[in-house]
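Student: Would you mind keeping the following structure in view while I ask a few things?
Every number here is computed from the coordinates shown, using simple stated rules; none is lab data. From a predicted model like this one, the values you see are computed outputs, not experimental measurements. Please note: Cβ atoms are built from the backbone with ideal geometry, for glycine as well, and neighbour counts cover all protein chains shown.
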Amino acid sequence: MIIAIDGPAASGKGTIARRIAAHFGLPHLDTGLIYRATAAAVVAMGKSPTDPVAGAQAARALDISRFDEAELRSAQMGEAASIVAAIPEVRAALVDYQRTFARQKGGAVLDGRDIGTAICPDADIKLFVTATSHTRAGRRAKELASRGEAAEFDSVLADISKRDARDSGRASAPLIQADDAIVLDTTQLDVDGAVAAAIQIVEERSAQPD
Ligand code: C5P
């Protein structure tokens, strides 16, 4: 069973994906981390995240285990990842890794922006997890503050809106809901409520004949 979970920043998709994977005993890939690691590699080369040659080179040589996850999760790296991720050559270089992960025996859960549309268009279940930008900014500000990063609500909201616009507006595999995705709006839900709703969707969907 392949479960594709897409959605904008701080929608809750990462937590939902992790908890769904644990619940159904499936491996999980957070594809945002791959783009964050590519951006970190570009910066480490002394290049700009807008540089397509450096981006493609970094993506092709990517060894995700070389990176510290906490550093990759910084707000600054999220922004750099979104710039790198708009480069078609970068996306192309990362497709095989993601598809190989998805097609392992027994299936997998992948979360990102283009899993249901570009990476696994034949996924068994597609979820599009969303929430209002105010709710997402509130969550992200809390998360950043808990890590000691600057987290003023207005600037977090501005960053999230900028990232949404870049991710949805790019030409190459933009953030968009797949036609056959089920929307899960987490605006009114806490983490446990969102996870329970997602598990229910997966159970109902997997019980249905094709
Ligand atoms: O999900 P996360 O915030 O970690 O992703 C960082 C950035 O990586 C996103 O803003 C997006 O630009 C990019 N990304 C992507 N496609 C994916 C996953 C992430 O373009 N499948």
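Student: Starting from the Cα-Cα distance between ALA196 and LYS105, subtract it from 0.36 nm times their residue separation and give me the gain in nm to one decimal.
Tutor: Separation in residues times 0.36 nm, less the Cα-Cα distance, equals 30.2 nm.
Student: Let me ask something additional. Most exposed first by the Cβ proxy, i.e. fewest other Cβ within 10 Å, how do TYR35, TYR97 rank?
Tutor: Sorted ascending by nearby Cβ count, the order is TYR97, TYR35.
Student: Additional query: Give me THR187, THR100, THR38 sorted ascending by neighbouring Cβ count inside 10 Å, so fewest comes first.
Tutor: Neighbour counts put them in this order, fewest first: THR100, THR187, THR38.
Student: Sticking with this one: If you average the sequence gap of Cα pairs under 8 Å that are 6 or more apart and divide by the length of region 2-205, what percent do you get for the contact order?
Tutor: For region 2-205, the relative contact order is 34 percent.
Student: If you don't mind, another one. Let me make sure I get this right: for region 137-210, a, b and c are the square roots of the gyration tensor eigenvalues over alpha carbons, sorted descending. Under 1.5 in a/c it's rounded, otherwise prolate if a/b > b/c, else oblate. Which is it?
Tutor: Oblate shape, in that a/c is at least 1.5 and b/c is the bigger or equal ratio.
Student: Give the order of MET1, MET77 when sorted by the count of other beta carbons within 10 angstrom, beginning with the fewest.
Tutor: Arranged by neighbour count, lowest to highest, MET1, MET77 become MET1, MET77.
Student: A further question follows. I need the P(r) histogram for the chain: all alpha carbon pairs, bin width 10 Å from 0 out to the longest distance, whole percents.
Tutor: For the chain, the pair-distance distribution reads 9, 35, 38, 16, 2, 0.
Student: Beta carbons within 10 angstrom, averaged per residue: use that to sort the peptides 85-91, 48-54, highest first.
Tutor: Order by mean packing, descending: 85-91, 48-54.
Student: Here's something else I'd like to know. Note the full-extension length gain between HIS134 and GLU203 as 0.36 nm times their separation in residues minus their Cα-Cα distance, in nm to one decimal.
Tutor: Additional length available on full extension: 21.8 nm.
Student: Can you list the lysines whose alpha carbon sits under 23 Å from that of LYS142, skipping same-chain ones fewer than 8 residues off?
Tutor: The reachable lysines, counting only those whose Cα sits under 23 Å from LYS142, are LYS13, LYS162.
Student: Next up: Mean-square fluctuation check for the chain, GNM, Cα pairs under 10 Å: which of SER65, SER155, SER11 is largest?
Tutor: Largest GNM mean-square fluctuation: SER65.
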